[in-house]
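The values are calculated or read from the model by the stated rules, or taken from the named source; none is laboratory data. Just so it is clear, the model here is predicted, and its values are computed rather than measured. Positions of Cβ are generated from backbone atoms using ideal geometry, with glycine treated the same way; all protein chains shown enter the neighbour counts.
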Amino acid sequence: MMMDLARTPSGPRRILVVDDDADVRNGLARALALRGGYQVAAAADAFEAGYQFARQRPDLVILDLVMPGMGGLEVCVRMRRLAGAERLKIVVLTAHSVSGNSERSLLSGADLFLTKPQDVETLITHIGDLLGD
Amino acid sequence: MTDGAARFDAPAADALARAEERAAELQAELVSRTRELARSEAKYRELFDASPDLYLVVDARGRIAEVNRTLLRATGYRHEELLGRRAPTLIVAEARRRLWAALPAFVESGRVENLELVIRRRDGSPIDAIVNAAAVRDESGRLVGAHAVIRDITSRLALQRQLHQADRLVATGRLAAGVAHEINNPLQAILLHMALIEAALPEDFAERDAFERVREGVRRIRQIVAALLDLHRGGEQQLQSVDVHAVLEEALGLAQTPLRHGGVRVLRELAPELPRVWAVERHVYQVVLNLLLNALDAMRDGGQLTVRTRFLFAAGEIEIDIGDTGPGIPENLLPQIFDPFFTGGDRSRTGLGLFVTYGLVRQHGGRLQVDSQPGRGTTFRVVFPAIDEAGAGERGPSLEPAAGEAAP
């Protein structure tokens, strides 16, 4: 099934948060909604991410790298392969600032590599820059 | 008669002549053998003296009968000071018990094998040694003395200790990085939820100061974790040609306020021309700043801060000394000061400063040394490989993570 990922011109920007850490996931979802005015959906793993992705059709995905099951890099590659995903922005946000992860993320199709922890304001600034707002 | 006498005398004279001849021969041989013996003895003496091991000959009462030159050199004693002296007095008191324990077996078997002892030099300093000895017996089998070969293993033990220390730092570094990574997730959650709480706080919230304390605590945790992880990000850092003097001045500038308020004088002894080093500038800055702040901490009642740089031409290295006139570090604590979480009892500190400093210096192929004298002060010395000006433009050594790579 082809998905139309072209953003609807009106309404708030949509963000999908994918992180297996519940506190980070819920914190991101609520803080980005409250402080950034985004419409945020959340997923705890790759499977749930696929479901939420199809349902929400996000403008931007915030993706954790280390997750049980399929890792963030694989999710990143798969999302990029979806038709119409050229305009999708992907931010990798990981606790593992190990050398090489940044390069691997960008090669896998991420637009930005960030290490945890990030301040909410900094995150919102990055998101605004990526979405061209 | 004369004939008879002649007849009688002739063989006698012959015999005499032969005897004289023989005596001369024997005399010559004796001289030659004696010379040979002397040569041979000199040869053995030479071998004895040239041996890298320390040789000791004792009599049946344990008194020193002979030593080789290596032993004299190693211990600092003169020959005449040792001859006749009881050999056990050369061994430090704590190790003597091991010698007594080995004696019964020695009397029985005539051998001592690989006995670890500590020998005391003339100046009192110790030599870690391994002793092998063999009994000397007379024809009736009576014990008349012993030959001992003593191997100085001080430097080997020191190297082993260094390797052990390095191993331990690698292991603890890996652990620290693993922990740091794990902390980043809850830290992220805390930051996000603090933002939510803050947004919901009423203007007149009574415990705003408590909230600020939480924020400050989180800021410090972030700093600690970031410092630990810095050690593992070597490969991602940008190496450049760094002007150490410029970095030193910048760090001194930052330390200006505590310097002024603490009544600390600064003595600069900077090399007129210092080659640059190939490094991550921020890391050099952090190394220098950590050592400066440590020095200032050690001089809360004032003192003199010495900042010295030197170019070691032959070694192709530069040296940065940062010295204080504080109370010094007790000798028993020195081996631990580069360990993570070592604070020397000061609970206001994280105990990571020197651990991180050591790691950063090592990543740049450098060395961090400390010289501390209780009551006089402490000097830290950083040694970095200098950029070879002739080969300028060439890439320097690449960064290696000092404490191993953490799993992604």
(Q) Take the conditions surrounded by fewer than 17 Cβ atoms within 10 Å (Cβ to Cβ), in a helix (DSSP H, G or I) and more than 33 Å from the chain's Cα centre (by Cα) and apply them to B:R61. Does it pass? (A) no
Q: Identify all residues within region B:33-50 that are within 14 Å of B:L71 (Cα to Cα) and of a type in the set (K, R); write none if there are none.
A: B:R45
Q. How many of the residues making up region B:86-101 are over 17 Å from B:Y55 (Cα atoms) and either among the acidic types (D, E) or surrounded by fewer than 17 Cβ atoms within 10 Å (Cβ to Cβ) (or both)?
A. 8
Q: Output the residues belonging to region A:26-66 that are within 14 Å of another protein chain (Cβ to nearest Cβ) and in contact with a Ser or Thr (Cβ under 9 Å, 6 or more places away or on another chain).
A: A:L63, A:D64, A:L65, A:V66
Q) Any residue in region B:276-296 that is part of a loop (DSSP other than H, G, I, E, B), at pLDDT 90 or above and touching a helix residue (DSSP H, G or I) at 6+ places or on another chain (Cβ under 8 Å)? A) yes
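Scan region B:152-164 for residues that are surrounded by 15 or more Cβ atoms within 10 Å (Cβ to Cβ) and either in contact (Cβ under 8 Å) with a residue 60 or more places away in the chain or part of a helix (DSSP H, G or I) (or both) and jot them down.
B:D152, B:T154
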Q: Could you run through region B:103-135 and say how many residues are surrounded by fewer than 16 Cβ atoms within 10 Å (Cβ to Cβ) and in contact (Cβ under 8 Å) with a residue 40 or more places away in the chain?
A: 3
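Just to be sure I understand, how many residues within region B:272-321 are of a type in the set (D, E, K, R) and touching a Leu at 6+ places or on another chain (Cβ under 7 Å)?
Taking region B:272-321 and keeping what is of a type in the set (D, E, K, R), we get B:273, B:276, B:281-282, B:297, B:300-301, B:308, B:310, B:317, B:319, B:321.
Still in the running and touching a Leu at 6+ places or on another chain (Cβ under 7 Å): B:319.
Adding up the residues that qualify gives 1.
Out of curiosity, is B:G303 at positive phi, of a type outside the set (S, T, N, Q) and in contact with a helix residue (DSSP H, G or I) (Cβ under 9 Å, 6 or more places away or on another chain)?
In short, yes.
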**Q.** Filter result for B:Q223 (at pLDDT below 80 and surrounded by fewer than 14 Cβ atoms within 10 Å (Cβ to Cβ))
**A.** no
**Q.** Test: residue in region B:297-310 that is buried (at least 16 other Cβ atoms within 10 Å of the Cβ), part of a loop (DSSP other than H, G, I, E, B) and free of Cβ contacts under 8 Å to residues at least 40 places away in the same chain
**A.** yes
Q.
What are the pairs with Cβ atoms under 6 angstrom where one residue, in region A:55-77, is under 19 Å from A:A41 (Cα atoms) and the other, located anywhere, is among the polar types (S, T, N, Q) and assigned to a loop (DSSP other than H, G, I, E, B)? Sequence gap at least six, or different chains.
A. A:C76/A:S108
Q) In region A:107-130, how many are farther than 17 Å from A:R14 by Cα and either of a type in the set (D, E, K, R) or in contact with a Phe, Trp or Tyr (Cβ under 6 Å, 6 or more places away or on another chain) (or both)? A) 3
Q.
Quick check on region B:180-201. Is at least one of its residues closer than 26 Å to A:I124 by Cβ, part of a loop (DSSP other than H, G, I, E, B) and not polar (S, T, N, Q)?
A. yes
**Q.** Filter result (more than 7 Å from chain A (Cβ to nearest Cβ) and exposed (fewer than 14 other Cβ atoms within 10 Å of the Cβ)) within region B:186-201
**A.** B:I197, B:A200, B:L201
Q: Can you work out which of the residues in region A:86-121 that are more than 23 Å from B:L192 (Cβ to Cβ) and among the basic types (K, R) is nearest to the other protein chains (Cβ to nearest Cβ)?
A: A:R104
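If you go through region B:74-85 one residue at a time, how many are within 16 Å of B:I150 (Cα to Cα) and surrounded by fewer than 16 Cβ atoms within 10 Å (Cβ to Cβ)?
So the answer is 1.
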**Q.** Boolean, B:A171 is within 44 Å of the chain's Cα centre (by Cα), under 18 Å from A:A95 (Cα atoms) and either modelled with pLDDT under 80 or within 14 Å of another protein chain (Cβ to nearest Cβ) (or both)
**A.** no
Q) How many residues does region A:85-111 contain that are closer than 20 Å to A:A33 by Cα and without any contact (Cβ under 8 Å) to a residue 40 or more places away in the chain? A) 3
Q: Name every residue in region B:121-147 that is of a type in the set (G, A, S) and assigned to a strand (DSSP E or B), in order of residue number.
A: B:A129, B:A133, B:A134, B:A135, B:G145, B:A146
Q) Which helices (runs of 4 or more DSSP H) sit wholly inside region A:1-118 and have at least 2 residues that are modelled with pLDDT of 95 or more and within 24 Å of B:A226 (Cα to Cα)? A) A:22-36
Q.
Going by what's in this entry, would B:L291 be described as crowded, with 21+ Cβ neighbours inside 10 Å, touching a Ser or Thr at 6+ places or on another chain (Cβ under 7 Å) and touching a residue at least 40 places away in the same chain (Cβ under 8 Å)?
A. yes
